Amino acid sequence: MVRVPVLFLLVTALAGADSPLAIPHIADGGGWRSTIAIFNGFSSEAAQVNVKFRSDTGLLQDVAVLNYGVVRSLDLEIAPNSSVYLETAGVRPNVQAGWAEINQSAGNVPVRAFAVFRQIIPGRPDYEAVAAGMRAANGLTFPFDNTGGLATSFAVVNLANSACTVDVSPIRDESGRLLADAPKNVVGLLASGHAAFVSTDLLPETAGKRGYMQFYPSFGCGAGGLAMVGLRFNPSGPFTNLQPLSVESPF
């Protein structure tokens, strides 16, 4: 496999391609709101896209979207050189997490997309991070930093049509030392499933350390690959997304 450095996180989905453009994490309710932005830029044709909101189990789930009502799926036509913004209402008492699947059926330029998820707590500024639209990957390498009260979390989506376990290897600290002698199974996902987790909960060897780690589908997973986003949380409240250091394409 050739490892392709990531220069931009806005990874395009080819019109009509089998692999969707995935937003690997959205959150709504319990003080969270998410906005998905889809761009049909540099195009001379309208783009036809379908947006599906999926739960941790991979099934479609109801999401309240401003100006559209409660939906599980949306068919959109995006005019040339324009964009569409889908903002969740944030009215649920408890947080609902999941991901969004964007499939394009028409248009001469692939659409691009990202989501901004915002945490709203009265009495303090709102904090935001970005989950970028990306195609399926067979491996993603992310930095992590769990030092000084910082916490690194990840959200991962299984884009295969069958269940899959996500492995991590290697895990190295900032000096290059291996923190685990063998690959670690971190999470099992159903077809089109999603999970979000704090790195130290599933990888305790990363506590108090910083470095990098590689995620990939375990042997025997069906064709499809993964989509991911990394998040770095400051103990005082703010958080930001982490760009992958490398992505292995399955194509």
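The values are calculated or read from the model by the stated rules, or taken from the named source; none is laboratory data. None of the values given here were measured: they were computed from a predicted structure. Backbone-built Cβ (ideal geometry, glycine too); neighbour counts: all protein chains shown. When the accessible area is computed, the model is the full protein with side chains, heavy atoms only, and any ligands, DNA or RNA have been set aside. Shrake-Rupley method; radii C 1.70, N 1.55, O 1.52, S 1.80 Å.
Amide H contacts under 5 Å for Trp32: Ile120, restricted to partners 5 or more places along the chain or on a different chain, H placed in the peptide plane at 1.01 Å from N. Summarising the amide proton neighbourhood of Ala191: residues at separation of 5 or more, or on other chains, whose placed amide H is nearer than 5 Å comprise Ala163. Placing a label point 7 Å from the Cα of Leu178 along the Cα-to-Cβ direction, the residues of the stretch 214-230 whose backbone N falls under 20 Å of that point are 214-219.
Stokes-Einstein diffusion for the stretch 117-179, with the hydrodynamic radius set to the Kirkwood value over Cα pairs and evaluated at 4 °C in a medium of 1.567 mPa s, equals 84 µm²/s. Could you compute the net charge surrounding Ile78? Neighbours are other residues with a C-beta less than 12 Å from the C-beta of Ile78; K and R count +1, D and E count -1. Once all neighbours under 12 Å are counted, the net charge is -2.
Charges at C-beta only: +1 for Lys and Arg, -1 for Asp and Glu. How large is the resulting dipole of the chain about its Cα centre, in Debye rounded to 20?
Here the size comes out at about 280 debye.
Under the combined filter of DSSP loop state and at most 16 neighbouring Cβ atoms within 10 Å, the stretch 165-251 retains these GluC sites (Glu not before Pro): Glu174.
What's the long-distance tail for the chain, i.e. % of Cα pairs beyond 26 Å? So the portion of pairs separated by more than 26 Å is 38 percent. Ranked from largest, the principal axis spans of the Cα set of the stretch 57-201 equal 51, 43, 30 Å. Across the stretch 192-205, coupling constants 3J(HN,Hα) worked out from phi with the 6.51/-1.76/1.60 Karplus curve, θ = phi - 60°, read 6, x, 9, 8, 10, 7, 7, 4, 5, 5, 9, 10, x, 5 Hz, and Gly and Pro carry x. For the stretch 141-227, divide the Cα radius of gyration by the Kirkwood radius and give the resulting Rg/Rh value with two decimals. Ratio value, two decimals: 0.99. Over the chain, DSSP H runs of length four or greater, each weighted -39,500 (n - 2.57), average out per residue to a 222 nm ellipticity of 0 deg cm²/dmol.
Normalised by 2.2 N^0.38 Å, with N the number of residues, the alpha-carbon radius of gyration of the stretch 15-135 equals 1.05. Springs between Cα atoms under 10 Å define the GNM used for the chain, and in it the highest mean-square fluctuation of Gly133, Gly149, Gly222 occurs at Gly149. Applying the Karplus relation 6.51 cos²θ - 1.76 cosθ + 1.60 with θ = phi - 60° to the stretch 219-225 yields 3J(HN,Hα) values of 4, x, 5, x, 4, x, x Hz, where x marks Gly and Pro.
May I ask which residue of Asn103, Leu66, Thr152 lies farthest towards the positive end of the charge dipole of the chain, with charges of +1 (Lys, Arg) and -1 (Asp, Glu) on Cβ and the Cα centre as origin? Comparing the listed Cα positions along the dipole, Thr152 ranks first. Comparing Ala160, Ala182, Ala22 in a Gaussian network model of the chain, where Cα atoms under 10 Å apart are tied by springs, the biggest mean-square fluctuation is seen for Ala182. The stretch 146-215 and the stretch 63-79 have their alpha-carbon centroids 33 Å apart. Taking every alpha-carbon pair in the stretch 197-251 and binning the separations at 10 Å intervals from zero gives 16, 47, 29, 8, 0 percent. For the chain, carbon and sulfur atoms together expose 54% of the accessible surface, with a 1.4 angstrom probe and every protein chain in place.
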